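We did not get these values from a lab; they are worked out from the coordinates using the rules stated. What you are looking at is a predicted structure, and each value in this text was computed from that prediction instead of being measured. Cβ coordinates were reconstructed from backbone atoms using ideal geometry, including for glycine residues, and neighbour counts include every protein chain displayed.
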Ligand SMILES: [Zn+2]
């Protein structure tokens, strides 16, 4: 069974096919360099993460433009109103600019959104998005909001940590996602419990998603593989 990880970070790329996300200029160089070792299985994404906006070097956009041709996607970018001391206006400016770069090149884009759905919806309504669609990683919105986001040809991914017993919204949201828009991720390495590795954490995400959709894990994996290829791999 071939598994695809729609969103992870450096040192999480231990196995399977992954989209490896960078979070700041120093990280982008490492991500692009790492992906060169196995271009058939590691797809590099570069983006300024909302957590990295406050300490981004003043020339981060120049670095972005230098690296983007080597990348297969834009990410991780987004909005986060859950972190302490967030500056939503600076986050929005960085997000808008990067979304525009993705739209101009019709690149996949991996979006982080925490407690900022209204702000994200406003931006999506007021500027162009990549024609191929957008990807909301570790989707944390409600099941009802899935249909609001769907108009941008949106893909939604979830990881095993969101789908466990205590989580309330994510399992219902996963059930609301159109089956041809569902992706599975690890967001490794920070999400993975100390007792688990990347491969088993990713597989657990597939197993839990299959249970929630009433499918065998093989059938779910086949569908997720088709979704992953359609979104990330077609030019
Ligand atoms: Zn991430």
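Our analysis of segment 67-123 gives Rg over Rh at 0.99, with the two radii drawn from alpha carbon positions and Rh computed by the Kirkwood formula.
Springs join every pair of Cα atoms under 10 Å in this Gaussian network model of the chain, and among 24, 129, 195 the largest mean-square fluctuation is at 195. Result for the chain in a Gaussian network model with C-alpha springs under 10 Å: among 43, 34, 95, the largest mean-square fluctuation is at 34. Estimated at 0.36 nm per residue, the fully extended path between residue 59 and residue 127 surpasses their Cα-Cα distance by 22.1 nm. Computed extension gain for residue 233 through residue 51, at 0.36 nm per residue and net of the alpha carbon distance, reaches 62.8 nm. A simple spin-label model places pseudo-atoms 7 Å from Cα toward Cβ; at residue 153 and residue 2 they are separated by 2.2 nm.
Got a sec? Which residues in segment 138-182 would a label at residue 219 touch, if it sits 7 Å along Cα→Cβ and we count backbone N under 19 Å? Under 19 Å, as judged by backbone N against the label point of residue 219, lie 174-182 of segment 138-182.
For the pair residue 93 and residue 200, label points projected 7 Å from Cα toward Cβ lie 4.7 nm apart. Each principal axis of the Cα cloud of the chain was taken in turn, and the coordinate range along them, longest first, works out to 48, 40, 35 Å.
When every Cα-Cα distance of segment 18-93 is counted in 5 angstrom steps from zero, the calculated P(r) takes the values 3, 18, 27, 21, 15, 9, 5, 1 percent. In this entry, segment 177-235 is assigned a mean projected area of 4.6 nm², taken as a quarter of its C-alpha convex hull surface. Taken over the alpha carbons of segment 70-181 as equal point scatterers, the Debye sum produces base-10 log I(q)/I(0) values at 0.19, 0.20 Å⁻¹ of -1.00, -1.10.
For the chain, the relative contact order comes to 20 percent (Cα pairs under 8 Å, sequence separation of at least 6).
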